[in-house]
Amino acid sequence: MIERLPAELAREAFTHASWTTERTKSYGRLAFLGDSVLGLAIASELFRRMADQDIGPLTKVLNQAVSGRACAEVAFELGLDERLRAMEPDERGTGIEAGGLLASERAMASVIEAAIGACYLNEGYEPTATAIIEAFEEEIELGIRQPEDFKSALQEWLAQRGSRVSYVVAQEAGPPHERRFEVTANVGDEVIGSGSGRSKKAAEQAAAEQALAKLQG
């Protein structure tokens, strides 16, 4: 769907405000629109899947599925980082460097929201919503199984103390249909938590949960 975007709309979706003299030609406006489209698509899907749940659980899962962390991760999975790099001006010193944006969870979340907004303008709500559910499927399923977003909580706790967490796959075993991952949560060279799961994201959540318990305990 992103491949089918008209050139001008695609350019706007992956252009940072500091790379153009017209701020309205950057991804901010599209991100504003895409944020609402994303929220509606995921909320509608949760309303359907969680028919026996009230507003509290629905809201908790929604917040996890569309969190800045989740959006940034999906943006990288879809290769939007490369699209952003491709739009960086050739002239050095022109605006914020792409590398700085790629390191920013907020910026990458805005980029995928802008891409969603662009797809909505180009193809309408239904096709875009279908693509959103497909792209965010793992985040939705993880949120339903494990409503607490330990990764975001750990990230925020460490950021307040000037640190960042990284996740390393320590082990991967089992056949494809029963794959299990062992993941460690690291701050620098120090392992602060570990966890396992049937997907990397589930294992990362488990590692983050253990790390939070250790750090806050």
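The values are calculated or read from the model by the stated rules, or taken from the named source; none is laboratory data. Everything numeric here is computed off the predicted structure, so don't read it as measured data. Cβ placement follows ideal geometry from the backbone for every residue including glycine, while neighbour counts extend to all protein chains displayed. Areas reflect the complete protein model, heavy atoms only, side chains present, ligands, DNA and RNA absent. Shrake-Rupley method; radii C 1.70, N 1.55, O 1.52, S 1.80 Å.
Among the residues making up segment 17-51, those that are in a loop (DSSP other than H, G, I, E, B) and either of a type in the set (Gly, Ala, Ser) or open to solvent by 30 Å² or more (accessible area, probe 1.4 Å) (or both) are 20, 21, 22, 26, 51. Taken over segment 52-84, residues that are loosely packed, with under 14 Cβ neighbours inside 10 Å and over 26 Å from residue 202 (Cβ atoms) amount to 1. For segment 181-199, filtering for residues that are open to solvent by 60 Å² or more (accessible area, probe 1.4 Å), under 22 Å from the mean Cα position of the chain (by Cα) and at pLDDT 90 or above leaves 1. Across segment 134-168, the qualifying residues are those that are free of Cβ contacts under 8 Å to residues at least 40 places away in the same chain and basic (Lys, Arg), and the one among them that is most open to solvent (accessible area, probe 1.4 Å) is 164. Taken over segment 74-104, the criterion of being in a helix (DSSP H, G or I) and among the β-branched types (Val, Ile, Thr) is satisfied by 74 alone. Which one is most open to solvent (accessible area, probe 1.4 Å), of the residues in segment 200-217 that are among the charged types (D, E, K, R) and free of Cβ contacts under 8 Å to residues at least 40 places away in the same chain? So, considering only residues that are among the charged types (D, E, K, R) and free of Cβ contacts under 8 Å to residues at least 40 places away in the same chain, the one most open to solvent (accessible area, probe 1.4 Å) is 214. Comparison of 18, 104 shows that the only residue that is closer than 23 Å to residue 165 by Cβ, modelled with pLDDT under 95 and out of contact with any helix residue (DSSP H, G or I) (no Cβ under 7 Å at 6 or more places or on another chain) is 104. Can you confirm whether residue 37 is under 13 Å from residue 140 (Cα atoms), aliphatic (A, V, I, L, M) and under 21 Å from the mean Cα position of the chain (by Cα)? Judged against the criteria, residue 37 is not a match.
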